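Just below is one structure, and these are the notes that go with it.
The values are calculated or read from the model by the stated rules, or taken from the named source; none is laboratory data. Note that this is a predicted model, so its numbers are computed, not measured. When we count neighbours, we look across all protein chains shown, and the Cβ atoms used for this are built from the backbone with ideal geometry, even at glycine. For accessibility, only protein heavy atoms count, side chains too; no ligands or nucleic acids. Shrake-Rupley method; radii C 1.70, N 1.55, O 1.52, S 1.80 Å.
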Amino acid sequence: MTISSPRKDDCCLDLKRLLDAREDLDRIIKEMVLSSGQSVICITANTPGPDKDTPEALFLVRRFSNVSKHVFDPISTRVGESALGPYVLMHTSMNAIEAKHQAIMIEENHPLGRLIDLDLYDKDFHVITRSSLGLEGRKCLLCQREATLCRRLKTHTTRALQDHIRSRTSVYLSHDLTELMDLAMSLELNLEHKFGLVSKDSPGAHQDMDYDLMVRAKATLLPYFEKVVLIGERTVDHQARFQEARILGLDAEAALAKATRNVNCYKGLVFASFLFLSALGHVFARGASVLDVFWIIKEMTKGITGELNSTAMTDGIRAFQKDMLKGARGEAEAGYPSVKNILLSIPKTMSYDQQSLRTLLIDLIVSAEDTVLYKRCGSYDTYMAIKDRLKSLDVHDRDAVIALSDEMTKASMSPGGAADLLIVTIFMQLVINRYDVD
């Protein structure tokens, strides 16, 4: 197959489109500067080629919008898209020269800093450049020469530069989401007085587990988290993505069994976390919204509750066939409504203190079907009675919280399914805070 070169007329149209977009963006920035008398930071992805509206560009702008908020403490933020790609504009009261130095620090020191442009406009609408500060220009993406020299000499093809950007953002995303899942697991594990679950100071209702075992199990899962994100990025078909994630999940479960000497910890989390991580891989690879992860999971797991009619007698199947509880499969097939509803109801600024996390855990125990707790309660009536008691529990009454937690521990009750949901809820809140642009 012969690939034709772009026609001259097409190149001229692309150039005019980009120049017009540049003029429009400059006008918007100037209006912002004049309206406030403050400096403006313009965040855009440093992507080659005429097509600037790529998933990688959106990912980069999302990420660095969050990074910049913590550095520049913006007075206001404006989000937009143009032929130049997605952009974020931020008003800052920081001194323009100081702000530019901070922007350069981000560009030079962040793992993806070379892929982003943080342009600084002072209160007189002057662009503060590196050269105006007596600094060297930026290096090429693929070599150590000046970027302007490589661009002028056309040293590298657009395709090579785009492939490099795609690879770097992919690797970064898989690492970053793994770190956020690791943090979410740690926050859940370090929560105290959680109604029979393992914590730092107690095995709870799980006499075969302890804190160190859970930490070891968590470390075993981290490499698999990275792999499942990559599965999500590359697999277009939703059900095929689920099957690939499920196969990898079996490998992860085998590694867990070896690391814990066959103690069944985090097995339910493998199912839930792999769904969220693979769906998020797809979200970022397609430039979708973070909250799209819920309908993507619905598509991935469509029909999965049909497995509950199997003759294989697992605990989940018994719970369904006896009392119609669909458990983890039902939650997944419905797109995790318990997690989504909580995320939509809590502020982005929610802290991860003990009381806040315990409140989330109780909400999840009450709203979701936890077949682990159901099994340990021994009957449906006892299971519902415990849910009712938790629903009416005053989380501000420390003595009452400890008393019910101790009672459930002694009765060998444990909301293991809700613990998995708490982890993915914390994880999704962390992802939203890091990648959603206001």
Report, ordered by chain and residue number, the lysines lying within cross-link reach of K322, taken as a straight Cα distance under 17 Å and ignoring same-chain residues fewer than 8 apart. K375
Based on DSSP H runs of at least 4 residues, each adding -39500 (n - 2.57), what is the mean residue ellipticity at 222 nm of the chain after dividing by all its residues, to the nearest 500 deg cm²/dmol? -20000 deg cm²/dmol
Within straight-line cross-link reach of K154, lysines at Cα separation under 25 Å, skipping those fewer than 8 residues along the same chain: K8, K16, K52, K139
At a 10 angstrom cut-off on C-beta neighbours, averaged per residue, how do the peptides 147-154, 418-425 rank from highest to lowest? 418-425, 147-154
By average C-beta atoms within 10 angstrom, highest first, the peptides 224-230, 105-111: 224-230, 105-111
Whole-Hz ³J(HN,Hα) for each residue in segment 315-331, computed from phi via Karplus 6.51 cos²θ - 1.76 cosθ + 1.60 with θ = phi - 60°, x for glycine and proline: what do you get? 4, x, 5, 4, 4, 6, 6, 8, 10, 6, 7, 8, x, 4, 5, x, 4
Applying the Karplus parametrisation 6.51 cos²θ - 1.76 cosθ + 1.60 with θ = phi - 60° to the phi angles of segment 264-276, what ³J(HN,Hα) value in whole Hz is obtained for each residue in order, glycine and proline being reported as x? 7, 10, 6, 5, x, 5, 4, 4, 5, 5, 5, 5, 5
Evaluated at 20 °C with a viscosity of 1.002 mPa s, what Stokes-Einstein diffusion coefficient in µm²/s does segment 388-438 have when Rh comes from the Kirkwood expression over alpha-carbon pairs? 162
Pairs to check: K100/K348; K200/K298; K69/K302; K258/K391; K218/K326; K69/K298. Give those whose C-alpha atoms are more than 30 Å from each other in this structure. K200/K298; K69/K302; K258/K391; K69/K298
Gain in span if fully extended, E146 to R216, counting 0.36 nm per residue against the direct Cα distance: 20.6 nm
In what sequence, highest mean first, do 25-36, 344-355, 176-187 appear when ranked by Cβ atoms within 10 angstrom? 176-187, 25-36, 344-355
Can you pull the one-decimal nm distance between simple spin-label points at D124 and D251, each 7 Å off the Cα toward Cβ? 6.0
Of all the accessible heavy-atom surface of the chain, with the other protein chains kept in place and a 1.4 Å probe, what percent is carbon and sulfur? 53
Inter-probe distance in nm under a simple model that places probes 7 Å from Cα toward Cβ, at D73 and V236: 4.8
Find how many whole Å separate the alpha carbon centroid of segment 386-437 from the alpha carbon centroid of segment 144-213. 24
Phi to ³J(HN,Hα) by Karplus 6.51 cos²θ - 1.76 cosθ + 1.60 over segment 395-411, Hz, x for Gly, Pro: 5, 7, 8, 4, 4, 5, 4, 5, 4, 5, 5, 5, 4, 5, 4, 5, 8
Find how much the distance from V395 to D292 grows on full extension, using 0.36 nm per residue of separation minus their present alpha carbon separation; answer in nm with one decimal. 33.9 nm
Over segment 121-212, with neighbouring protein chains present, the accessible area per residue in Å² at probe 1.4 Å is 54
Radius 15 Å from Cβ of A403, net charge of other residues (Lys, Arg +1; Asp, Glu -1): -1
Once amide H atoms are placed 1.01 Å from N in the peptide plane, what residues at a sequence separation of 5 or more from K139, or on another chain, have their amide H within under 5 Å of its amide H? A147
Nearest 10 degrees, 0 to 90: what angle lies between the long axis of helix 8-36 and the longest principal axis of the chain (Cα atoms)? 80
Along the charge dipole of the chain, Cβ charges K/R +1 and D/E -1, which of Y224, S36, N341 sits furthest on the positive end? Y224
I want the local charge near K194. Using Cβ-Cβ distances under 9 Å, sum +1 for each Lys or Arg and -1 for each Asp or Glu among the other residues. -1
Total charge dipole magnitude, segment 1-155, about the Cα centre, Cβ charges on Lys, Arg, Asp, Glu only, Debye to nearest 20: 400
Given a Förster distance of 51 Å, report the FRET efficiency between E307 and R27 from their Cβ-Cβ distance, rounded to the nearest 0.05. 0.35
Summed residue charge, Cβ within 13 Å of G137's Cβ, Lys/Arg positive, Asp/Glu negative: +2
Note the listed values [x] 0.93; [y] 1.14; [z] 0.98, then indicate which one is Cα Rg over 2.2 N^0.38 Å calculated from this particular structure. [y]
